[in-house]
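Quick notes on the structure that follows.
Readers should treat all values here as calculations from the given coordinates under stated rules, not as data from a laboratory. Worth saying up front: this structure is predicted, and the values here are computed from it rather than measured. Note: ideal-geometry Cβ built from the backbone for every residue, glycine included; neighbour counts use all protein chains shown.
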């Protein structure tokens, strides 16, 4: 493996990892605060991509405005979903599995609804950035580099929100103990809803950055949701930082795995790794206790 | 116990089997028999999965992997080694049980439900990818076609044939396995094993304090459940005679079976049977109107979880109790 290929593989791994980190950190955030495993998270990606596509091509908005509008729409969708589906189930006993079942149902429902409305056609968003970055022998399109940069900015802003603001303090307090937080006047139910909106927004950012490179289709969230679950388990279920770290790590491992074997076996490597890790470190790479 | 089995489960099962046994002599439309054959095979699948999902309370999401392992295992063994499907279906079930043991060891040490759900789902995804990638053996997504039908049987002078295009024999064969599997489940669940399982579901700690070896029990039930699902997969393979990785272990299979168990009633003996019957028939009826099946299954899972978490079996039990009172 020459130096140029090494750098290119590493960069590709970081870019894929950035997407995993965006999707995974949202799932971790939701799980950390509400103990809910959201299987419909991939459909937030799919809806964001469609929303951006429709706003830019059909409604004729400038690309950046369409992207912003799509992110806001999907965040609103996250609020609706949390209020209409998640909150009513949380109020009952044995909710833990019911939420999984309900969100799996929702996920398939949204996929087939999208298929019926928008068809099976595959279309892509135009590139946000043209041109190719040339660094010596390494060549990389700016659109791909932008994924990494935008993801880092979005994750950085979320981290600031979580650890440097009063709202973030409220989220972390609710995550530690929702009842105790409520006793101190924190509206835990509203915090739960806001967390859903925030993580839907993170997924939307990832999907919109990917949409010019991938085709926008009803099933585009499916491969990412499973990968994001793997990331969340590897990072220690419910840990925001752990999910980001594990996301980048998995991206890099996959990238090198593909160069060494072939792309067909990429996901087998990832999921095999997940099962192996569960075997030796049940609660994630970075923690030793149940999340 | 009554909650799990319902009142008079043996009588209910016997009546159901009696009614189902009359059908092929009355209904001659081959398409209806085909739909009911699919119902019977999926009912075996759903009851097998319900054993871990509902009765043991272990929320696994990867049982379609055992279905595919049973199906491909039996189909490939009969195709490449020339062994009779009458023997290979049992090998298929055995392969599924072994896989259940293999994946059971890492997950059963964890009590966290999300971990179990995700790891079993990832396992199913690995099986799907491996089946799709081993193109030389499975032909990948092009489909493994030309699978042998179950060889015909000579029953006292009458030859009964099986496989696609032989609805009468196929239906009776599926019914025989349906009856056998459910009778076995009933015997197992009514005895000490059933009591132990209910005790474990209600409180693992309490069960452990009564000297129940949790890990061994869970592993055993998990393998048993995988074997039943694998058997249903093997029967399916030799009936449909073509398999693809996506149709056997894709997300649609997961949702279809999950919908059957949830609509019927999680953790109830008759639940998966009712759910499989209703959804297979409704799904087929919808086919003429276009591709609404997945929309319906996804929506129905959500609605039942939100509005009727006990499922049809729980609802029927409630009516029965009211009438009895």
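Among the residues of region A:86-106, write down those that are part of a helix (DSSP H, G or I) and more than 7 Å from chain B (Cβ to nearest Cβ). Before the answer, list the steps.
Pass one, region A:86-106, residues part of a helix (DSSP H, G or I): A:86-90, A:95-106.
Listed by number, the residues that qualify are A:86, A:87, A:90, A:95, A:99, A:103.
For region A:253-271, enumerate the residues that are within 10 Å of another protein chain (Cβ to nearest Cβ), surrounded by fewer than 16 Cβ atoms within 10 Å (Cβ to Cβ) and assigned to a helix (DSSP H, G or I).
Across region A:253-271, the qualifying residue is only A:264.
Just to confirm my filter: which helices (runs of 4 or more DSSP H) fall fully inside region A:143-252 and include at least 3 residues that are more than 14 Å from chain B (Cβ to nearest Cβ)?
A:166-176, A:178-183, A:188-210
With respect to residue B:141, is the statement that it is within 14 Å of chain A (Cβ to nearest Cβ) and either buried (at least 21 other Cβ atoms within 10 Å of the Cβ) or not in a helix (DSSP H, G or I) (or both) true?
Considered against the rule, which asks whether it is within 14 Å of chain A (Cβ to nearest Cβ) and either buried (at least 21 other Cβ atoms within 10 Å of the Cβ) or not in a helix (DSSP H, G or I) (or both), residue B:141 comes out as no.
Residues are listed down the side, and each one gets a yes or a no for (1) more than 29 Å from residue B:215 (Cβ to Cβ); (2) surrounded by fewer than 22 Cβ atoms within 10 Å (Cβ to Cβ); (3) more than 14 Å from every other protein chain (Cβ to nearest Cβ); (4) in contact with a strand residue (DSSP E or B) (Cβ under 6 Å, 6 or more places away or on another chain):
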{"site": "B:105", "(1), (2), (3), (4)": "no, yes, no, no"}
{"site": "B:120", "(1), (2), (3), (4)": "no, no, no, no"}
{"site": "B:124", "(1), (2), (3), (4)": "no, no, no, no"}
{"site": "B:165", "(1), (2), (3), (4)": "yes, yes, yes, no"}
{"site": "B:170", "(1), (2), (3), (4)": "yes, no, yes, no"}
{"site": "B:184", "(1), (2), (3), (4)": "no, yes, yes, no"}
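With respect to residue A:187, is the statement that it is on the phi < 0 side of the Ramachandran plot and surrounded by 13 or more Cβ atoms within 10 Å (Cβ to Cβ) true?
In short, yes.
Looking only at helices (runs of 4 or more DSSP H) that lie completely in region B:219-325, which have at least 1 residues being more than 14 Å from every other protein chain (Cβ to nearest Cβ) and on the phi < 0 side of the Ramachandran plot?
B:245-249, B:271-286, B:311-324
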